[in-house]
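If you scroll down you'll find the structure; I have some questions about it.
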Amino acid sequence: MLEVQRNACPECDLLLELDGLESGQRARCPRCDRFLTSQDDGATNRALSFALAAAVLLAMANSFPFLELHASGLEKVMTIPRAGAELYRDGYAVLAGMVLLPIAVLPAVMLVTMIALLVPLRRRSRSSWLVPTGRLLFALNPWNMVEVFIIGVLVSLVKIGAMATVIIGISFWAYIGFVLCFIAAIGSLDRFQLWREIEACQA
């Protein structure tokens, strides 16, 4: 049987007991009214499904053309890996890393981490890597900027469209799908409830 634990509100530090929530119930801090947690029995399965779909779409996004540009008889095909490779070849190694890290490498690491965490939780199996994997996932989450990249691309398309013919490739739509699934997977995870599931598996 799990022990009742007190958890501090991240806003006002009030100690609260958040155990015993039923499915669909939400908990808010009685002092500052900050949302704390919600009980969703299907969150783990939903997050895992979205994470697997996001992994497939990210692989597609890195395998096909992202954009094709046609201007003055010249044609340029861009893929996500090639964008970083071109910058590196031109001597901008730091910029290449800044481009590839937040839009391809970090999301891939987060997806692998998420899947490695959620599969044992779904099977209710005890695994030694659950605690460090959970800590890694929540440590990486603030660096997630995939939606910022998409907004930047859309703004750039408006400007580039006036100077060249732009053909959107399969990779672009795959990345859009990846971003939606990735955000849905992250949004399905409740930090408090996830740690409760980890503790239950480790008991």
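With respect to the numbered conditions (1) of a type in the set (Lys, Arg); (2) assigned to a loop (DSSP other than H, G, I, E, B); (3) surrounded by 16 or more Cβ atoms within 10 Å (Cβ to Cβ), which one is the sole condition not fulfilled by residue 126?
Every condition holds for residue 126 apart from (3).
Taking the range 94-105 on its own, how many of its residues are surrounded by fewer than 17 Cβ atoms within 10 Å (Cβ to Cβ) and in contact with a helix residue (DSSP H, G or I) (Cβ under 8 Å, 6 or more places away or on another chain)?
Residues meeting the conditions: 3.
Taking the range 97-120, which residues are modelled with pLDDT under 90 and among the hydrophobic types (A, V, I, L, M, F, W, C)?
98, 99, 100, 101, 103, 104
Moving to a separate point now. Criterion first (under 13 Å from residue 54 (Cβ atoms) and of a type in the set (Ser, Thr, Tyr)) does residue 171 satisfy it?
When the stated conditions are applied, residue 171 does not pass them.
Return the total of residues in the range 5-23 being modelled with pLDDT of 70 or more, out of contact with any Ser or Thr (no Cβ under 9 Å at 6 or more places or on another chain) and among the polar types (S, T, N, Q).
So the count comes out to 1.
Under the condition of being of a type in the set (S, T, N, Q) and assigned to a loop (DSSP other than H, G, I, E, B), which residue from the range 41-94 is nearest to residue 190 (Cα to Cα)?
Checking each candidate, the answer is 62.
On to the next question. Residues of the range 50-85 being surrounded by fewer than 17 Cβ atoms within 10 Å (Cβ to Cβ) and either among the acidic types (Asp, Glu) or closer than 30 Å to residue 194 by Cα (or both), which ones?
Selection gives 56, 59, 60, 68, 75.
If I go through the range 124-167 residue by residue, how many of them are among the small types (Gly, Ala, Ser) and at pLDDT 85 or above?
The total comes to 2.
The values are calculated or read from the model by the stated rules, or taken from the named source; none is laboratory data. What you see is a predicted model; the values in this text were computed from it and never measured. Quick reminder, even Gly has a Cβ in these numbers, built from the backbone with ideal geometry, and neighbours come from all protein chains shown.
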